[in-house]
Structures are given as structure tokens and as C-alpha cells.
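Read-outs: derived from the displayed coordinates by stated rules, not from any lab. Owing to the predicted nature of the structure, the values given are computational and were not obtained by experimental measurement. Virtual Cβ from ideal backbone geometry, glycine too; neighbours counted across all protein chains shown.
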Amino acid sequence: MSKVHAERLAAHIDGDFVVFLIGMRINSLARVHKWLPVATAMPRMLKELQQRPELGLLHYEIWGGRTTLVLQYWRSIEQLLAYATNRQAEHLPAWRAFNQAVGTNGAVGIWHETYCVSAGNHESVYVNMPEFGLGKAGGLRSATGSRQSAAERLGRPRHEP
């Protein structure tokens with residue numbers, strides 16, 4: 001179990017980065033033969049990416065259920081796109097297998113969203129939390145003093161009600 005930090009912290013990361021959300025949704029529980037191969041593909045990719053940090057994945061978090069979500073932080077959009085198209089990596093075979101076995105038959109859905117974040121254009125706060133999300137991908141620092149509000153952490157004027 002990770003250590004809980006009983007203080008106000010904010011994430012710190014140098015430079016630009018990418019937030020990549022990817023997941024699947026089981027639309028037909030009975031069609032296990034369609035969704036199970038999809039569900040087992042992501043762990044293989046994440047293992048590969050953990051073993052090869054030069055590919056650019058900084059950190060990930062997973063939430064499971066009928067709709068599964070993997071939150072990923074990447075160093076750059078170029079590295080994310082390079083991984084997605086790398087013929088020697090796990091992604092392309094998994095993508096081809098999905099298109100062959102599932103395609104648009106409705107048994108299982110897959111989705112992703114990509115957000116390119118410019119340096120300084122992000123904000124976070126963690127209170128009574130272990131290292132998590134962007135704070136684990138980059139690092140944590142105190143969110144006290146001049147970094148009390150979301151506006152201040154973003155370097156913008158604080159708006160009073």
C-alpha cells in the first residue's frame with residue numbers, strides 16, 4: 001500500500017506532456033470470446049511500455065468494470081503516435097485482432113481521448129492521497145503559500161466571489 005501524504009500537494013512536471021485516456025466497454029457480457037481478448041491486450045502493452053521507458057510512457061492508472069479506463073501520461077505526442085504505429089510493438093497486432101474479430105459487431109466498444117498539455121497549462125491538488133496520477137508521473141510539491149487556489153497554480157489571477 002502506498003504512503004498517504006497528509007498534506008496539500010500539487011503535481012509538478014517539466015515541459016509539455018500528453019494525457020491519454022483509453023478504454024473498453026463490454027456491451028454484451030455473454031460474448032466473452034469477443035471482449036476477453038480485448039481486455040487482455042492492454043496489460044501486455046502496459047508491460048511492454050514499463051519495460052521500455054524510452055518509448056515515452058511516464059505513468060498509468062487503471063479502473064476496471066463494465067467500462068474500463070486506463071489513464072496514461074506520456075512525455076510527448078510524438079512518442080505516443082510512434083508507439084501506436086510501431087510494427088514491432090504490442091499495439092498494432094492487438095488493433096488488427098480487434099478489427100478482425102470484433103470490428104463494428106457491437107459486442108465490445110473501445111475508445112480513446114488524447115490531450116496535449118503545454119508546459120504550465122495544468123493544475124492539480126492532492127490532499128490525504130498517495131502519489132497518484134500526474135503527481136506520480138512527474139512529481140509532487142507543496143500546494144501551500146502562493147499555490148493555494150487552482151487559479152494560482154495555473155499562474156492566473158485569483159477571482160474573488
Using the alpha carbon gyration tensor of segment 17-117, what are the three equivalent-ellipsoid semi-axes (square root of 5 times each eigenvalue), largest first, in whole Å? 24, 15, 12
Taking H placed 1.01 Å from N in the peptide plane, check which residues at least 5 places from Ala107 or on another chain put their amide H under 5 Å from its amide H. none
Eligible lysines near Lys3 by straight Cα distance, threshold 26 Å, same-chain separation 8 or greater: Lys47, Lys136
From a point 7 Å beyond the Cα of Thr67 in the direction of its Cβ, which residues of segment 105-124 have a backbone N at a distance under 14 Å? 109-113
Given the -39500 (n - 2.57) contribution per DSSP H run of 4+ residues, what per-residue ellipticity at 222 nm results for the chain, rounded to the nearest 500 deg cm²/dmol? -9000 deg cm²/dmol
Looking only at segment 17-117, where both bridge partners belong to it, what percent of the DSSP beta bridges are antiparallel (to the nearest 5)? 100
List the residues, sorted by chain then number, that are 5 or more residues from Glu7 or on another chain and whose placed amide H is less than 5 Å from its amide H. Asn128, Met129
